[in-house]
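Notes for the one structure printed next.
The values are calculated or read from the model by the stated rules, or taken from the named source; none is laboratory data. What you see is a predicted model; the values in this text were computed from it and never measured. Here Cβ is always computed from backbone atoms with ideal geometry, including for glycine, and neighbour counts include all displayed protein chains. Note: areas computed on protein heavy atoms with side chains; ligands, DNA, RNA excluded. Shrake-Rupley method; radii C 1.70, N 1.55, O 1.52, S 1.80 Å.
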Amino acid sequence: MSFKLLDKSYEPHEVEKRWYDYWENNQLFAAEEQSPKKSYSIVIPPPNVTGVLHMGHALNNTLQDILCRYHRLQGDNVLWMPGTDHAGIATQNVVEKKLAAEGTDRHQLGREKFIEAVWQWREKYGSAIINQLKHMGASCDWERERFTMDEGLSRAVRKVFVQLYREGLIYRGNYIINWCHRCHTALADLEVEHEEHEGHLYHIRYPFADGSGDIVVATTRPETMLGDTAVAVNPDDERYQSVGADRVILPLMNREIPIIKDSYVDMSFGTGGLKVTPAHDPNDFEIGARHNLPSIKVIGDDGNMTAEAGRFQGLDRFECRKAVIKELEELGLLVRVEDYRHSVGHCYRCQTVVEPNLSKQWFVRVKPLAEKAIEAVKSGRTKIIPKMWTNTYYDWMNNIRDWCVSRQIWWGHQIPAWTCTSCGQIVVDVQAPKTCPECGGKNLEQETDVLDTWFSSALWPFSTMGWPDETPLLKTFYPTSVLITAFDILFFWVARMMMMGIHFMGEVPFEHVYVHALVRDEEGKKMSKSTGNVIDPLTVIERHGTDAFRFTLAAFAAQGRDIRMSERRIEGYRHFINKLWNAARFSLMHLDKGYDHLDQQDLSLPDKWILTRLQQTAQAVSEALENYRFNDAAGALYSFVWHEFCDWYLEAIKPVLYNKERAAEKEKTQAVLWRVLHDTLILLHPFIPFITEEIWHHLPATEGSIMKAAYPKAAAPVDETDAAAQAQADMQILIDVITGIRNVRGEMDIAPSLALEVLIHTTDDRVRRAVEAHRELIINLARLSTLTVQDTVQRPKASATTVVDGASIFVSLEGIIDFAKETRRLEKEINKLTVELTKVSAKLQNSGFLSKAPADVIEKVRQKQSALLEKQQKLQTNLERIKAVKTE
């Protein structure tokens with residue numbers, strides 16, 4: 001072990017690479033399959049194999065890493081299971097673009113060659129996101145890294161599909177699904193992103209078949225009317241009680257369709273008449289099922305009109321809309337068109353407008369699964385944190401629809417279903433059948449569709465641990481301890497893992513679900529490339545180091561509150577990293593050995609105080625992390641390190657460390673200093689692992705990695721004796737007194753080098769005793785020439801006054817300040833500020849400037865005005881204070 005001094009400044013990049021390599025080479029992230037230790041496990045939300053590290057990844061994985069490192073220090077057997085998701089549609093799109101650039105496409109390659117090309121792409125580029133997570137310090141058990149297309153996970157997927165099918169929970173049928181014409185695949189409801197859109201509402205006249213009149217319906221998608229099979233009205237709508245007609249003529253198609261009555265129809269919308277298109281609207285599909293209506297598909301899977309659309313066949317759906325409106329107008333059947341703002345669904349991958357389409361797909365019947373998942377949260381077997389997300393979970397689960405799990409792409413888990421070409425029998429099995437069980441035929445064709453990516457992800461907590469085999473890993477680590485996730489995949493992923501875990505393992509997949517907030521820009525806006533406000537994690541790591549970035553994320557990770565991130569904030573926490581480095585460097589200059597045993601007899605007040613504060617901080621950090629209050633834990637550490645250890649304790653003990661004549665006292669203080677630095681590094685390690693490991697290896701009497709250290713138990717429990725409480729109270733008195741004197745020095749602009757005469761007036765025995773007992777400490781830290789304590793006092797002339805709890809402090813200014821000169825200086829500075837402030841205020845009152853200048857420019861001017869006002873007020877206060885002292 002080397003005890004050489006730390007470098008003068010901390011340069012993170014070399015340190016980070018060296019220690020991450022050390023951790024990996026020494027397998028310090030490895031979990032034990034079987035151990036008497038308490039188990040703690042987390043499965044990583046697997047990033048897409050196409051992914052690049054963004055702020056969401058950075059926050060999510062920092063929080064997971066904090067918990068894993070914290071629990072290792074607690075002595076737990078920790079498994080952080082890593083891996084990546086094959087990301088069906090996303091990965092296929094990436095590889096298809098690559099092929100297009102090479103002048104070919106997947107159809108020319110064929111399915112087998114295309115899948116080979118995807119695997120090759122994955123081998124070459126798929127590890128990028130993993131390497132970036134390592135750059136963040138992620139302490140995953142990388143030897144166990146999984147991929148959702150691994151053979152082991154593929155086996156689990158096939159078994160789950162087959163079992164659900166045999167239980168009647170997977171079926172194949174015609175159903176309204178969300179269809180993306182660009183990706184040529186079905187999308188689950190959750191894969192559709194809805195955006196407000198300025199569109200139109202078209203009011204169309206449908207004539208009664210008997211010629212007695214008409215009914216007007218309103219629609220935003222007139223092209224779908226070609227597939228209408230009914231017009232519906234509400235049975236309670238008085239407007240249609242006396243209508244004798246029971247059929248209408250479908251405009252443009254000249255087809256008779258029935259008028260039906262259904263309570264779904266909203267009587268307050270338009271005329272109360274609803275066109276029903278079962279093949280192109282999910283609600284209409286349900287109405288059609290209730291009334292046995294036919295479904296006519298007029299928009300094909302390519303986005304063009306089908307033969308069922310008659311003369312409009314072959315037109316693009318949006319071109320068809322224009323043609324339909326034109327003809328309706330010519331026939332006098334278009335009553336009116338009004339502007340209408342409504343929500344339009346887009347594909348989450350390519351942003352193409354999604355079309356509700358009738359299609360034969362595979363579905364999971366999720367209601368029975370959802371009921372058990374709801375009960376698991378209600379009974380407390382799984383706890384969602386913050387609690388506000390629990391009701392959102394219930395709402396979604398209670399209104400869940402069957403899950404469309406088939407996708408019309410090639411990359412993914414091919415559905416294990418085969419159709420006999422001889423008799424049409426569908427065979428679902430884990431292995432490819434050799435013959436048809438129905439007719440004995442040997443020609444069986446496998447389903448070409450693949451499973452939704454989220455199907456395999458739903459099995460992640462147990463499939464990654466070796467299921468369907470009963471492995472030691474599963475026995476030790478399932479159910480997992482916590483899932484850390486963003487709210488946007490609460491239903492995509494979390495709810496489905498709950499359903500699958502309970503169904504196949506008989507137990508919830510995790511005890512806690514912690515839902516973290518979004519990382520936004522400093523103005524609270526969502527980060528996006530289009531607005532140019534994205535902060536790249538890799539860029540800020542390069543500039544400020546990983547530890548500063550991680551600590552920033554933790555410091556602002558308050559429950560239920562989005563993080564407003566800016567590089568300025570990260571830079572601020574880089575100062576904290578530097579502060580720790582400098583404090584450690586100073587401490588190590590005075591430590592040449594370790595102090596395993598700490599004799600707490602006859603310790604100085606600062607030594608007693610800092611030990612108790614260390615224990616209290618350890619307790620606060622532990623309690624905060626156990627309850628996922630990451631910001632509270634980071635805040636407690638920041639306050640302790642910066643404001644107590646650095647600002648007060650190190651300054652208070654300098655006279656002892658530098659005084660050779662106080663050897664016995666110095667030895668005790670060194671022992672305390674070693675203990676405080678030792679334990680503080682351990683407390684900080686989960687948040688800032690790199691710098692703490694570096695300092696740890698310079699600290700005498702430490703062995704191996706800090707990751708193997710024992711957490712300062714909250715500890716040796718916190719000392720709550722009268723003596724400890726007295727030490728806390730006495731030190732607080734000294735801090736208040738010294739701070740009061742320093743404030744006067746700052747407000748009066750008195751140079752730090754000038755020693756001051758101070759008189760303290762107090763009738764409080766507690767204050768008097770503390771000040772008298774630690775006079776030397778106050779004189780040293782407040783830079784005083786004299787310190788007098790009296791219980792009766794007349795305010796000295798030419799003195800500044802400040803008040804603290806139980807005492808008045810008088811700072812003599814005689815001979816320190818030239819009152820006339822200082823008065824002139826302050827008046828001159830105030831006048832200069834006033835002129836500048838007048839100009840800035842005039843600009844903010846200029847309507848031309850306010851109407852033309854960009855918002856960020858106006859905001860900067862407002863901030864400047866605020867800063868000038870604050871400075872002016874401060875100078876005015878100082879001037880009044882000088883004049884008051886001068887006239888005494």
Filter the cross-link list K134/K708; K525/K839; K525/K860 down to pairs whose alpha-carbon distance in this structure exceeds 21 Å.
K525/K839
Would you please give the residues with an amide H less than 5 Å from that of G83, counting only those at least 5 places away or on a separate chain, with H modeled from the backbone geometry?
R146
Identify, among A855, H413, M565, the residue whose Cα sits farthest towards the positive end of the charge dipole of the chain, taking +1 on the Cβ of Lys and Arg and -1 on the Cβ of Asp and Glu, with the dipole about the Cα centre.
A855
Helix 282-291 versus the longest principal axis of the chain: what angle, 0 to 90°, nearest 10, using Cα atoms?
40 degrees
Please list, or write none, the aspartates and glutamates whose alpha carbon is within less than 13 Å of the alpha carbon of K97, excluding same-chain residues fewer than 8 places away.
D105
Proximal lysines to K360, defined as alpha-carbon separation beneath 21 angstrom and excluding residues fewer than eight positions away on the same chain
K297
Here the relative contact order (percent) of the range 433-524, from C-alpha pairs under 8 Å and at least 6 apart, is 28 percent
For the chain: relative contact order, % (alpha-carbon pairs under 8 angstrom, 6 or more apart)
13 percent
Built amide H within the under 5 Å cut-off of E32, gap 5+
V78
From the backbone phi of the range 306-321, what are the Karplus-calculated ³J(HN,Hα) couplings (6.51 cos²θ - 1.76 cosθ + 1.60, θ = phi - 60°) in whole Hz, Gly and Pro given as x?
8, 4, 5, 8, x, 5, 8, 3, x, 6, 4, 4, 7, 5, 4, 4
Would you list H346, H280 from the most to the least accessible area, probe 1.4 Å?
H346, H280
Counting DSSP beta bridges with both ends in the chain, the antiparallel % (nearest 5):
70 percent
Given the C-alpha centroids of the range 653-691 and the range 450-491, what is the distance between them in whole angstrom?
45 Å
Give me the extension gain from Q431 to D236: residue separation times 0.36 nm, minus the current Cα-Cα distance, reported in nm with one decimal.
64.7 nm
Between the range 1-52 and the range 773-846, what is the C-alpha centre distance in whole Å?
51 Å
Just to be sure I understand the model, the point goes 7 Å from the Cα along the line to the Cβ. What's the resulting N659 to S639 distance in nm?
3.1 nm
Given the range 471-613, report the % of alpha carbon pairs whose separation exceeds 25 Å.
57 percent
Residue-normalised accessible area of the range 105-206, given per residue in Å² at a 1.4 Å probe:
46 Å²
Sulfur and carbon atoms: percent of accessible area, the chain [1.4 Å]
48 percent
Give the whole-number value, in cubic angstrom per residue, of the convex hull volume spanned by the C-alpha atoms of the range 776-854.
202 Å³
For the pair T877/R341, report the inter-label distance in nm, with labels modelled 7 Å from Cα in the Cβ direction.
4.5 nm
Between the range 555-604 and the range 78-152, what is the C-alpha centre distance in whole Å?
39 Å
The chain - mean residue ellipticity at 222 nm from DSSP helices (-39,500 (n - 2.57) per run, n ≥ 4, rounded to 500):
-13500 deg cm²/dmol
With a 1.4 Å probe and all protein chains left in place, how much accessible area per residue does the range 291-331 have, in Å²?
56 Å²
Would you mind calculating the gained length between D246 and R381 on full extension (0.36 nm times residue separation, minus the Cα-Cα distance), in nm to one decimal?
43.1 nm
Going residue by residue through the range 94-104, the Karplus relation 6.51 cos²θ - 1.76 cosθ + 1.60 with θ = phi - 60° gives ³J(HN,Hα) values, rounded to whole Hz and with x marking Gly or Pro, of 4, 5, 5, 5, 4, 5, 4, 5, 8, x, 9
Rounded to the nearest 10 degrees, the helix 546-555 long axis (Cα) sits at an angle to the longest Cα principal axis of the chain of 80 degrees
Would you mind classifying the range 764-807 by shape? Square roots of the alpha carbon gyration tensor eigenvalues, ordered a ≥ b ≥ c; an a/c under 1.5 is rounded, otherwise it is prolate if a/b is larger than b/c and oblate if not.
oblate
Using the heavy atoms of the protein chains and a 1.4 angstrom probe, tell me the accessible area per residue for the range 521-606 in square angstrom.
50 Å²
Going through the range 643-750, which chymotrypsin sites (Phe, Trp or Tyr not before Pro) have at most 15 other Cβ atoms within 10 Å and a DSSP loop state?
none
Got the relative contact order for the range 776-888 handy, in percent, Cα pairs under 8 Å and 6 or more residues apart?
29 percent
Roughly how big is the range 19-102's charge dipole about its Cα centre, with Cβ charges of +1 (Lys, Arg) and -1 (Asp, Glu), in debye to the nearest 20?
220 debye
Taking the Cα atoms only, what angle lies between the long axis of helix 111-125 and the longest principal axis of the chain, rounded to 10 degrees?
10 degrees
Applying the Karplus parametrisation 6.51 cos²θ - 1.76 cosθ + 1.60 with θ = phi - 60° to the phi angles of the range 512-518, what ³J(HN,Hα) value in whole Hz is obtained for each residue in order, glycine and proline being reported as x?
10, 10, 9, 9, 8, 7, 8
Give me the Kirkwood hydrodynamic radius of the range 410-462 in Å, from all C-alpha pairs, to one decimal place?
12.1 Å
Just to be sure I follow: if Rg is taken over the C-alpha atoms of the range 82-131 and Rh is the Kirkwood radius over the same atoms, what is Rg/Rh?
0.99
Principal axes first, then extents: for the Cα atoms of the range 345-424, list largest minus smallest coordinate on each axis, whole Å, largest first.
52, 34, 23
So how much accessible area does D339 have, in Å² to the nearest 10, using a 1.4 Å probe?
130 Å²
Dimensionless Rg/Rh of the range 218-337 - Kirkwood Rh, Rg from C-alpha atoms:
0.96
Would you work out the Kirkwood radius for the chain? I mean one over the mean of 1/r across all pairs of different Cα atoms, in Å.
33.2 Å
By the gyration tensor of its Cα atoms, with a ≥ b ≥ c the square roots of the eigenvalues, what is the shape of the range 1-82: rounded for a/c under 1.5, prolate for a/b over b/c, or oblate?
oblate
For L28 and I830 in one chain, what is 0.36 nm times their gap in residues minus the Cα-Cα distance, to one decimal in nm?
282.6 nm
